[in-house]
Amino acid sequence: MLLLWSILAGISLVIIILLVRLYVVLGTGSECRPGKKGSVSMLVVAGSGGHTTEIIRLMGSLSQSYGPRHYVIADTDKMSEEKIRTFEVSKTSDSQSQFTIHRIPRSREVRQSWSSSVVSTLYALLYSVPLVFRLRPDMVLCNGPGTCVPLCAAGLLLGVLGLKRVLIIYVESICRVETLSMSGKILYHLADYFFVQWPSLKDKYPNTIYLGRVV
């Protein structure tokens, strides 16, 4: 019994330490300036359909100092890779050395139940953590696909473990007018910068940043 209590106490201590670290990491986002030392390494989450179109438009407004660019798409996404490659090739002649494309399991399929989504998201997290730890991006940029949740969690874990502070930048999709997407509702509490494109969302979610239409 004493051994069991010792194990439980140890687990509780670890959980408390991790929660404190998470609180510290979330509170220091405004102090993180990855561009001070040169280029900014990005992990860009592309979802299928409109999500990919929006994220590519957003990427088109960024300078070449944002690189290398590591795109992540779901393994069942059959269209986004071609769109990304077309965009990158048109962006610069030497873009092959500046971007990579990676695939992870999809966190949630369209119309998938929320209960099964928890399992599939945890499964995607198993692929996200080693990928993010290997790439060590300066920032994660996403705009709503479910795939972004485990990737952002992996980015936060890097900071919690004291390995690297990763900025989480979330831009809510233009189609979200009255309410946030499910990914947005989760990352609203975790993202360092959360942008919305409609004033009605700013009114409902005061911690967001409204800049009008950005994509």
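The values are calculated or read from the model by the stated rules, or taken from the named source; none is laboratory data. The structure presented is a predicted model; accordingly, all values stated were derived computationally and were not measured. Note that we place each Cβ from the backbone using ideal geometry, even for glycine, and neighbour counts take in every protein chain shown.
Under 6 Å between Cβ atoms, which residue pairs at least 6 apart in sequence (or on different chains) link something in region 53-77 that is in a strand (DSSP E or B) with a partner that is surrounded by fewer than 17 Cβ atoms within 10 Å (Cβ to Cβ) and among the β-branched types (Val, Ile, Thr)?
Filtered contacts from region 53-77: HIS70/THR100; TYR71/ILE101.
Can you pull out every residue in region 164-182 that is within 17 Å of VAL40 (Cα to Cα) and either modelled with pLDDT under 90 or not in a loop (DSSP other than H, G, I, E, B) (or both)? Please lay out each step first, then the result.
Step one: list which residues in region 164-182 are within 17 Å of VAL40 (Cα to Cα), which gives 164-170.
Result: LEU167, ILE168, ILE169, TYR170.
With the requirement that a residue be at pLDDT below 90 and of a type in the set (A, V, I, L, M), what does region 141-160 give you?
VAL160, the sole residue that qualifies.
Check region 133-156 and report whether any residue there is touching a Lys or Arg at 6+ places or on another chain (Cβ under 7 Å), in a helix (DSSP H, G or I) and of a type in the set (A, V, I, L, M, F, W, C). Reasoning before the result, please.
Filtering region 133-156 for residues touching a Lys or Arg at 6+ places or on another chain (Cβ under 7 Å) gives 136, 146-147.
Retained after the next criterion (residues that are in a helix (DSSP H, G or I)): none.
Looking through region 133-156, none of the residues is touching a Lys or Arg at 6+ places or on another chain (Cβ under 7 Å), in a helix (DSSP H, G or I) and of a type in the set (A, V, I, L, M, F, W, C).
Applying the selection to region 76-123, what residues are modelled with pLDDT under 80, closer than 30 Å to TYR66 by Cα and either more than 21 Å from the chain's Cα centre (by Cα) or of a type in the set (A, V, I, L, M, F, W, C) (or both)?
LYS91, THR92, SER93, ASP94, SER95, GLN96, SER97
Which is among the aromatic types (Phe, Trp, Tyr) and within 19 Å of VAL72 (Cα to Cα), of TYR193, TYR188, TYR170? Spell out how you get there, then give the answer.
Working: TYR193 fails: within 19 Å of VAL72 (Cα to Cα); TYR188 fails: within 19 Å of VAL72 (Cα to Cα).
Of the residues listed, the single one that is among the aromatic types (Phe, Trp, Tyr) and within 19 Å of VAL72 (Cα to Cα) is TYR170.
Return the total of residues in region 37-49 being surrounded by 15 or more Cβ atoms within 10 Å (Cβ to Cβ) and over 17 Å from the mean Cα position of the chain (by Cα).
Of the residues in region 37-49, 1 are surrounded by 15 or more Cβ atoms within 10 Å (Cβ to Cβ) and over 17 Å from the mean Cα position of the chain (by Cα).
Output the residues belonging to region 157-201 that are buried (at least 16 other Cβ atoms within 10 Å of the Cβ) and more than 19 Å from the chain's Cα centre (by Cα).
Across region 157-201, the qualifying residues are TRP198, LEU201.
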